[in-house]
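The values are calculated or read from the model by the stated rules, or taken from the named source; none is laboratory data. Since the model is a prediction, treat every value here as computed from it, not as a measurement. Glycine also receives a Cβ, built like all others from the backbone with ideal geometry; neighbour counts cover every protein chain displayed.
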Amino acid sequence: MSSATSETDAAPAEPVVFRWHEAEVVAVEAITPSVKSVRLRCAIAGRQRAGQHVDVRLTAADGYRASRSYSVASPPDGTGTLELMIEGLADGEVSGWFFADAAIGDRVELRGPIGGSFSWDGPDGGPLLLAAGGSGIVPLLAMLRRRAQVAPEIPAALIYSVRTRAEAIALTELESRDREETNFTLVLRTTREGEGGRIDADAVEAALARTGAPGKVFICGSNRFVSPTADLIVSAGVPPGLVRTERFGE
């Protein structure tokens, strides 16, 4: 009897989302003093829904490996690439390499896309109420970019909290959308300059005044940002079941 294994007896192939894929760095650009945009060419590009993330793995010459998860900033765009926006952290093995050393032509590995409930596409509908703290803007930026591609008629509002304008990711793009897209509103709050202050009931009210009752709510940021922001939104009358959150850090 042959010892060969037939196709029907073979173990099922590992789902693509769990496999590591080689990716090539094709662009690196500083977008704030502490954040860089990194664009990667990879086989999984274009498979993501706006809001999802990928795992990134680096392998050193001695075989040591480190991996971290990063939200994808770009919606499917047909380029065969995806964009990450990576904050350089002083103790970050992966982020530190991307921020200080990554160059065009370097190769890393990606796995994903990952995340189902924290994602959005045009057929999911709206209106959209989005709230971000600091680098939590990245997955929400992907949603806004996707909306502009496929469903610009859906009302959307973004409440964005940052320490200073200089630290706001993609602020030029967001302010341009606020001016030019009829159905989009940006409510920016800076906590360490100007008179904006932290997100409060007035910020939520200003956003809801433009969107009306939201059909989808996404909040992303640190633990200490997400919980009080979700409480404010629910206190404004938004059903808790509509709220989707993604948290990181403290």
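At-a-glance table
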| read-out | value |
| --- | --- |
| Unique residue being under 16 Å from the mean Cα position of the chain (by Cα) and assigned by TED's automatic domain parsing to the domain that holds Ala207 when the list is Leu84, Leu144 | Leu144 |
| Set Pro75, Pro152, Pro113: member being surrounded by 21 or more Cβ atoms within 10 Å (Cβ to Cβ) and part of a loop (DSSP other than H, G, I, E, B) | Pro75 |
| Given (1) touching a residue at least 60 places away in the same chain (Cβ under 8 Å); (2) of a type in the set (Gly, Ala, Ser); (3) touching a strand residue (DSSP E or B) at 6+ places or on another chain (Cβ under 8 Å), index of the condition Ala213 fails | (3) |
| Residues of the range 231-250 that turn out to be without any contact (Cβ under 8 Å) to a residue 40 or more places away in the chain and either at negative phi or under 23 Å from the mean Cα position of the chain (by Cα) (or both), as a count | 13 |
| Filter result for Ile199 (assigned to a loop (DSSP other than H, G, I, E, B) and either touching a Ser or Thr at 6+ places or on another chain (Cβ under 8 Å) or small (Gly, Ala, Ser) (or both)) | yes |
| Tabulated pairs, the range 78-105, first in contact (Cβ under 8 Å) with a residue 12 or more places away in the chain and of a type in the set (Ser, Thr, Tyr), second surrounded by 13 or more Cβ atoms within 10 Å (Cβ to Cβ) and assigned to a helix (DSSP H, G or I), C-beta under 7 angstrom, 6+ apart or interchain | none |
| Yes/no for Phe225 being touching a Ser or Thr at 6+ places or on another chain (Cβ under 9 Å) and assigned to a strand (DSSP E or B) | no |
| Ala50 among the hydrophobic types (A, V, I, L, M, F, W, C) and farther than 15 Å from His21 by Cα | yes |
| Selection from the range 155-172 of residues that are loosely packed, with under 14 Cβ neighbours inside 10 Å and either without any contact (Cβ under 8 Å) to a residue 24 or more places away in the chain or touching a Gly at 6+ places or on another chain (Cβ under 6 Å) (or both) | Thr172 |
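For (1) over 29 Å from Leu130 (Cβ atoms); (2) surrounded by fewer than 20 Cβ atoms within 10 Å (Cβ to Cβ), each residue gets a yes or a no:
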site	(1), (2)
Ser34	no, yes
Ala60	yes, yes
Ala66	yes, yes
Met85	no, no
Glu93	yes, yes
